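The values are calculated or read from the model by the stated rules, or taken from the named source; none is laboratory data. As the structure is a computational prediction, the values presented were derived from the model and not from experiment. As a convention, Cβ positions derive from the backbone with ideal geometry for all residues, glycine included, and neighbour counts pool all protein chains shown.
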Amino acid sequence: MALTRWRRTIRDAGELLSDLRPGQADAVAVALTALTPRPEAEPTSGMMSSVSSSEAFGGAVLSTPPDAVELAVTLLHEYRHMELNAVLDSRDLYDTESDGPDEEFYYAPWRDDPRPLPGLLHGVFAFFAVVDFWRELTHRARDQRLRRRAQFQYGYWRTQVRHAYDALCSTPHLTTAGRELLAEMEVGTARWTDLAAVPEEVTALATEAVVAHRTRWRLHHLSPDPHTVSALVEAWRSGADHAPRTTAPVLLPDSAVPSLNHHTAQLCRWATAPGEGTVDDPADLARLRGETDEACRLAFAQVTQRPQRHDPWVRLGLTLRREVLTSPANTADVAAAQALTHRPEVVRATFARITAETGTQPDPVALATWLGTPDELPDLPSMHPL
């Protein structure tokens, strides 16, 4: 029965690719000659996992696809990895003579862990095709749910991939051939500007997913300098009006990081069918329903009860951010929201140190307000340089 389902899903995915991207569909059909199911990787969030290797051209290992749409975009994604591997067999796109490319690490939004330059290049190249796939589906999908799903994915990946591309362009380790490749890819981004047809609420959810992923990633992998935290705690305890300037955090990869995509999948389901499906956390549910006061109360309680966990801090930041966006906000609200989404690792570390030294928890929103800088930061947290 499983084999029958795989065959049917592969057939449907092939038909969808042929309809949306006929030229690439033909290339995928020729290049991908072996698909190996990963039996232990049943999807838990409606998203697939997949892997291919330069040592096994033509093959890919895939988790069970939830549907033909997800399989189609995954096959396209893996084909692009194979395509870049073929290029790398004949051309050096980055400096291979020094350790630089393997010692610089980047935020790669398709991964839970920091990635070196070769991994970032591979991901950007593959996900350019993913953005184009979802963009095309936003225009061609006849079913409303599928169209809204495509709109969410297009909005999310367009933002994330463009940011990763900009980070890639900034590295000094690309060769002339590498820079020429990126220049050619830049031309394709001109197609990514047609967001006018995407409903405002879908765009808002896709943007929230970007903020949530970046905030979780920072909490797992970035650590503020201990001297910076000490200075902040001393200033807070002395009653200083403003927090002193801080140094950049240190990258300390969390080897035990769980999947960071659960919340993205949850927001995609909500965008696809608002109000339907299960939302695991009551604070998340209240926020998605627009009940920001209740969402803030619940998230605040979670932070004070379980401050060592990541998700409560993320929920508090998302709730305050939504409050700022949906109603007139004062400077304090803006400062708190930006501190919790742009520098959550600093807020949490300072909160923990104050609690340890005084035996009393500070008000997390008041602390975030004090740490925030409302006039200097863009809406989305910047992840480069780390």
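Whether any residue in region 162-182 is out of contact with any His (no Cβ under 8 Å at 6 or more places or on another chain), in a helix (DSSP H, G or I) and either within 25 Å of residue 18 (Cβ to Cβ) or among the basic types (Lys, Arg) (or both) is what I want to check. Please lay out each step first, then the result.
Going through region 162-182, the residues out of contact with any His (no Cβ under 8 Å at 6 or more places or on another chain) turn out to be 162, 164-165, 168-169, 171-182.
Next cut, in a helix (DSSP H, G or I) only: 162, 164-165, 168-169, 176-182.
Applying the additional criterion that residues be either within 25 Å of residue 18 (Cβ to Cβ) or among the basic types (Lys, Arg) (or both) yields 162, 179.
Within region 162-182 (the criterion being out of contact with any His (no Cβ under 8 Å at 6 or more places or on another chain), in a helix (DSSP H, G or I) and either within 25 Å of residue 18 (Cβ to Cβ) or among the basic types (Lys, Arg) (or both)), the answer is yes, since at least one residue qualifies.
The conditions of being assigned to a helix (DSSP H, G or I) and touching a helix residue (DSSP H, G or I) at 6+ places or on another chain (Cβ under 8 Å) are met by residue 159. The residues on offer are 349, 335, and the sole one that is free of Cβ contacts under 8 Å to residues at least 40 places away in the same chain, assigned to a helix (DSSP H, G or I), within 24 Å of the chain's Cα centre (by Cα) and buried (at least 19 other Cβ atoms within 10 Å of the Cβ) is 335. Selection within region 284-322: residues that are among the basic types (Lys, Arg) and not in a helix (DSSP H, G or I). The member of this set that is farthest from residue 215 (Cα to Cα) is 289.
Determine whether region 95-105 contains at least one residue that is out of contact with any Ser or Thr (no Cβ under 9 Å at 6 or more places or on another chain), within 19 Å of residue 260 (Cα to Cα) and not in a helix (DSSP H, G or I). So far as region 95-105 goes, yes, one or more of its residues are out of contact with any Ser or Thr (no Cβ under 9 Å at 6 or more places or on another chain), within 19 Å of residue 260 (Cα to Cα) and not in a helix (DSSP H, G or I). For region 214-235, the count of residues that are closer than 25 Å to residue 287 by Cβ and of a type in the set (Val, Ile, Thr) is at least one. Are there any pairs with C-beta distances below 7 angstrom linking a residue in region 161-184 that is farther than 21 Å from residue 382 by Cα and modelled with pLDDT of 95 or more to a residue that is basic (Lys, Arg) and not in a helix (DSSP H, G or I), with the two at least 6 apart or on different chains, and if so which? So the pair list comes out as 177/91.
When residues in region 312-330 are screened for being surrounded by 15 or more Cβ atoms within 10 Å (Cβ to Cβ) and free of Cβ contacts under 8 Å to residues at least 60 places away in the same chain, 8 of them pass. Looking for something surrounded by fewer than 17 Cβ atoms within 10 Å (Cβ to Cβ) and either farther than 23 Å from residue 339 by Cβ or in contact with a Gly (Cβ under 8 Å, 6 or more places away or on another chain) (or both) - is there at least one such residue anywhere in region 200-218? Within region 200-218 (the criterion being surrounded by fewer than 17 Cβ atoms within 10 Å (Cβ to Cβ) and either farther than 23 Å from residue 339 by Cβ or in contact with a Gly (Cβ under 8 Å, 6 or more places away or on another chain) (or both)), the answer is yes, since at least one residue qualifies.
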